[in-house]
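For reference, the structure discussed in these notes is given below.
Where a number appears in this text, it was derived from the coordinates with a stated rule and is not lab data. Since the model is a prediction, treat every value here as computed from it, not as a measurement. We place every Cβ from the backbone using ideal geometry, glycine too, and count neighbours over all the protein chains shown.
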């Protein structure tokens, strides 16, 4: 914007003049935008809300302001919802501004996120190191939704649920089609999709469409064209597990319904559930790669449902000799995507339902869900700045922006997963302020505990407590992040423990992880080094048969990764 000295000056997106200056058509009267001084207004009593407490402030956040703008009111005329493509740009800009402020806070508060292992911090006094030079700079924590760390964490969490409840039973994809909603109202797309998501999960969880659901994992994905997907994994009660092909045929169907008996369902299948068409009928289809469909369509006709060698069901596709015109091509049952007739007829949209029958299928599905967004930027030799890397590769569409501004979930899992630290002695991560003196950093590090060291402390102070493995411990105890202690669970709440991953190349840390899955109630690292009352200087590698320790022979792994009998 131009100032009095006729020079141009860049204004912050937090400035109240940013919106009326950038979107002149949307704010023709020059209404001011959000500012840090805005407060919540009590319309009924015509006064600002009063907030008690020293730490609480009556402050209107930027996210709350944009949420207010995205709802139309009869008391005022808004050009926002009549702006078409400009409305889409406004929503994307609104979310980008809000996220930019959050990333700016993370960048300027790296002192609160700086960390290093305990053994490294204890050496800073004798070596004369500056705390500012310790730890990784400009990290993007897993608490920032959509960051690589966040995607990796929720992927590992879902695999922990899979470990506890075995493989999931149902994989479901819910999608909105372009013709269903007005593309110039991404706010309505987000709100309608959230209502459908809640209704679908109500049918599944509360009405037992597939059986009793004991665990679930779902995530929301946004494609480049802007429409949302929900990918969900459902875990059924052991008594309701899908074990026969007859059960598969009851839940999943892969054929055209009778157009006379079920006309509404037939139209939904034609409109939403037909793949492609692709193959020789349409070689230009987006699914074609090297003249072959990546999704293996059209499928082969089979008379009975069976499970293939990879653990994927091959659904019953009987040849009935009937074809239908879909998008200018003839299609039949071989082009139908597996679906559930009840859900498809009820919601009239694309809902792909699959049966999970093996661990291979589960791993593929989990990686498919948490593969992350596409990346288009690569810089060789760039500074280790995770925040800038995230910004360079970020892609935000209008529907995704509206979804995030409304505060809708992009991921949910049930039951809760407790993440368990995994480290060798003296190698636990400590958070510190780089502006403190070395002595202060060292003192703070000595008082910090991890979930693993606190686990040892519990059994050292309470030796008569029932012994659990490290992974089983969160099922009966709750980890308090504030005071870094384990406390017994007093409610019926339940949590699954998940140790952080350790590659076999990590040496002792990998074998420590193996021991913690079978040894119950250890009181220290040293207690893990004992096998048959014989103490060792390093962690023994115990052979496992069907998850039971075989103390018949074992190998020692020393600090250098060498093996000795």
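Just a few scattered comments:
- Cβ crowding within 10 Å averaged over residues, with 63-69, 270-276, 324-330, 286-292 ranked highest first: 270-276, 63-69, 324-330, 286-292
- Estimated translational D of the range 178-292 in µm²/s (Stokes, Kirkwood radius over Cα pairs; 37 °C; 0.692 mPa s): 188 µm²/s
- Peptides 495-501, 229-235, 461-467, 515-521 ranked from most to least packed by the mean count of surrounding Cβ atoms within 10 Å: 229-235, 495-501, 515-521, 461-467.
- Packing rank of 384-393, 397-406, where each peptide gets the mean count of other beta carbons within 10 Å, highest leading: 397-406, 384-393
- Cα shape, the range 284-334, gyration tensor, a/c 1.5 rule: oblate
- Percent RCO, i.e. relative contact order, over the range 18-108, from Cα pairs under 8 Å lying at least 6 residues apart: 22 percent
- Based on the Kirkwood approach, the hydrodynamic radius assigned to the range 245-339 is 14.1 Å, with every pair of different Cα atoms included.
- Cα gyration tensor, the range 18-108 - rounded (a/c under 1.5), prolate or oblate: oblate
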